[in-house]
Amino acid sequence: MSPVWALQDAKNSFSEVVARASGDVPQIVTKRGSPAVVVISWRAYRDKFVKKPSLLEALRRCPGGSDDLDFSRNRDTGRMVSL
């Protein structure tokens with residue numbers, strides 16, 4: 001069966017719609033012949049829409065967090081060298 005479902009068919013076969021969407025095949029549900037919604041797997045949703053933390057945010061969440069880490073930048077310009 002194609003990944004396009006009429007709303008009534010999707011209601012009657014919701015378990016099948018979810019099973020197919022879980023297999024990473026988005027399922028389109030139509031209402032009166034027009035696309036209305038798309039059912040996707042949690043993994044596809046997470047990969048596309050859930051914000052991933054930056055490296056700095058991830059480091060701050062580590063045990064000890066920012067209490068043990070110094071994120072300030074050293075403004076030292078280096079040393080003078082004669083060539």
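The values are calculated or read from the model by the stated rules, or taken from the named source; none is laboratory data. Predicted, not measured: the structure shown is a model, and the values here were computed from it. Quick reminder, even Gly has a Cβ in these numbers, built from the backbone with ideal geometry, and neighbours come from all protein chains shown.
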Checklist line | Matching residues, region 6-58, being within 16 Å of the chain's Cα centre (by Cα), over 30 Å from Asp70 (Cβ atoms) and polar (S, T, N, Q) | finding: Ser22, Ser41
Margin query: Residues that are assigned to a loop (DSSP other than H, G, I, E, B) and modelled with pLDDT of 85 or more: does region 34-44 have at least one?
Written below: yes
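Could you list, in sequence order, the residues of region 19-31 that are part of a helix (DSSP H, G or I) and surrounded by fewer than 13 Cβ atoms within 10 Å (Cβ to Cβ)?
As a first pass, look at region 19-31 and keep what is part of a helix (DSSP H, G or I): 19-22.
The answer is Ala19, and nothing else.
So, Pro3, is that one under 20 Å from the mean Cα position of the chain (by Cα), surrounded by 10 or more Cβ atoms within 10 Å (Cβ to Cβ), of a type outside the set (A, V, I, L, M, F, W, C) and modelled with pLDDT of 90 or more or not?
On the way: under 20 Å from the mean Cα position of the chain (by Cα): no; surrounded by 10 or more Cβ atoms within 10 Å (Cβ to Cβ): yes; of a type outside the set (A, V, I, L, M, F, W, C): yes; modelled with pLDDT of 90 or more: yes.
No; evaluated as a whole, the condition is false for this residue.
State the number of residues belonging to region 45-60 that are surrounded by fewer than 10 Cβ atoms within 10 Å (Cβ to Cβ) and either part of a helix (DSSP H, G or I) or of a type outside the set (Ser, Thr, Tyr) (or both). Walk me through it before giving the result.
Here is the first cut: in region 45-60, the residues surrounded by fewer than 10 Cβ atoms within 10 Å (Cβ to Cβ) are 48-52, 54-55.
Still in the list and also either part of a helix (DSSP H, G or I) or of a type outside the set (Ser, Thr, Tyr) (or both): 48-52, 55.
Here the count works out to 6.
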